[in-house]
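The values are calculated or read from the model by the stated rules, or taken from the named source; none is laboratory data. Just so we're clear, the structure is a prediction, and the values are computed from it rather than from any experiment. A quick note on method: Cβ atoms are made from the backbone with ideal geometry, for glycine too, and the neighbour counts reach across all protein chains shown. With ligands, DNA and RNA removed, areas are computed over all heavy atoms of the protein, side chains included. Shrake-Rupley method; radii C 1.70, N 1.55, O 1.52, S 1.80 Å.
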Amino acid sequence: MKIVILCGGDSPERDVSLVSGEAVAKALSRKHRVFKLDPVEKNFAEKLISLKPDCVFIALHGGKGENGVIQGFLETLNIPYTGSGVSASAICMNKIITKKILCFHNIPTPDFLIVQPDSFPSLPFPFPCVVKPANLGSTIGISIVKNEREMKTAIKKAFKLDRNVFIEKFIKGKEITIGIIGNEKIEVLPPIEIRTRRKLYDYTAKYKKGGSVHIIPPEINKKLLDKAKEYATETYKALGCSGCARMEIIIQDNGKMFILDVNTIPGFTPVSLLPDAAAHAGISFEELCEKLITLGLERCGKN
Ligand SMILES: Nc1ncnc2c1ncn2[C@@H]1O[C@H](COP(=O)(O)OP(=O)(O)OP(=O)(O)O)[C@@H](O)[C@H]1O
Ligand SMILES: [Mg+2]
């Protein structure tokens, strides 16, 4: 097949995307004719159309590559692509909408409050809490705040980055991530516990060597992990994800757990979580990339 890998882009996660794209290109080039293309390149659309790919592998993280815009563009061109479709991509990029859908389905997510611009709310839960822009990734604009003064500063900072801002209750606990692969039929990958000495599992923790460690299996009892897998599955289905996604979950000492975040285009770098989870399920990186293409073709009705 002829596969075009989209990587780079103009989001803050550009550098990670370039590494993901390179790894995917290497994996797929054994069996396919592979072309890498960066959406910020001059004449991107013309180049893509003239390549006439059988499938596009989207290795873009954040921004237009992950929020449904690129997906909609490919739909218009009738080109099959990997990962979630337009609506699931758009929904998962907006944390407020994601949380509203999770609440509707009774899937636990930390209590939250939507903040109106230029207003400083009284909180329905105690400090500390987390101020977040709704639409950004990579922990950009996120602040843990311990008092009203910090909260106000954090809200101002978040509104500079996004029109939609919310405050979330801080959950103390162990952080795990669960990857899922599939369309209607899904495979839940082994959970990974993420440990970092940093306050947040932020960009440095994720991508710098030694920034974090992956613990597989997590040091958490099996019953709780099974429950987390159930919630991850319900989340994937409620949000209409396809191809793959990676859910982030915090588990408190008392066993209560909360879905924190859903990533529809998780990293495909050598240190990324989804490929690591897949490897522990006996799925090599090459097989994972191949599966995502098959699932993309299936979702687009080309298989
Ligand atoms: N309510 C919370 N309670 C405790 N820790 C939190 C909370 N919200 C976020 N964090 C910490 O901050 C990190 C980043 O938060 P979140 O996943 O919401 O942001 P993000 O920008 O979408 O990150 P990414 O897209 O890189 O996954 C989490 O992985 C977690 O370590
Ligand atoms: Mg996250």
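Structural remarks
- Computed with a 1.4 Å probe over protein heavy atoms only, the accessible area of Tyr231 comes to about 40 Å².
- Taking every protein chain into account, the accessible area of region 112-169 amounts to 53 square angstrom per residue (probe 1.4 Å).
- A simple packing score, the average count of other Cβ atoms within 10 Å per residue, orders the peptides 41-50, 60-69 as 60-69, 41-50, with the highest score first.
- Rounded accessible area of Val34 (nearest 10 Å², 1.4 Å probe): 40 Å²
- Mean residue ellipticity, 222 nm, helices only, the chain: the sum of -39500 (n - 2.57) across DSSP H runs of n ≥ 4, divided by residue count and rounded to 500, is -11000 deg cm²/dmol.
- Calculated FRET value between Leu123 and Ser29, using beta carbons and R₀ = 35 Å, to 0.05: 0.10
- Inter-site label distance for Lys100 and Ser284 at 7 Å from Cα along Cβ, in nm: 4.6 nm
- With N as its number of residues, region 112-169 has a Cα radius of gyration that, divided by 2.2 N^0.38 Å, comes to 0.96.
- In this structure, the residue pairs whose Cα-Cα separation is over 21 Å, taken from Lys64/Lys227; Lys31/Lys229; Lys132/Lys229; Lys95/Lys237; Lys132/Lys172, are Lys64/Lys227; Lys31/Lys229; Lys132/Lys229.
- Taken about its Cα centre, region 1-133 carries a charge dipole of about 480 debye when Lys and Arg each add +1 at the Cβ and Asp and Glu each add -1 at the Cβ.
- Protection proxy ranking of 188-195, 118-125 - average other beta-carbon atoms within 10 Å, highest first: 188-195, 118-125
- Using only alpha carbons, the chain has a radius of gyration to Kirkwood radius ratio (Rg to Rh) of 0.96.
- Surface composition of the chain: carbon plus sulfur atoms contribute 53% of the solvent-accessible area (1.4 Å probe, protein chains only, all chains present).
- What region 2-82 shows is 45 Å² of accessible area per residue, with the surface traced by a 1.4 Å probe over protein heavy atoms.
- Kirkwood radius for region 2-82, taken over all pairs of different Cα atoms as the inverse mean of 1/r, rounds to 12.4 Å.
- Couplings 3J(HN,Hα) for region 4-13, derived from phi with the Karplus relation 6.51 cos²θ - 1.76 cosθ + 1.60 (θ = phi - 60°), are 9, 9, 8, 8, x, x, 10, 7, x, 9 Hz, where x marks Gly and Pro.
- Debye, to nearest 20: dipole size of the chain, +1 on Lys, Arg Cβ, -1 on Asp, Glu Cβ: 480 debye
- Taking Cβ atoms as reference points and 10 Å as the exclusive limit, the residues near Val131 contribute a net charge of +2, counting Lys and Arg as +1 and Asp and Glu as -1.
- Order of exposure, largest accessible area first, which applies to Met1, Met93 with probe 1.4 Å: Met1, Met93
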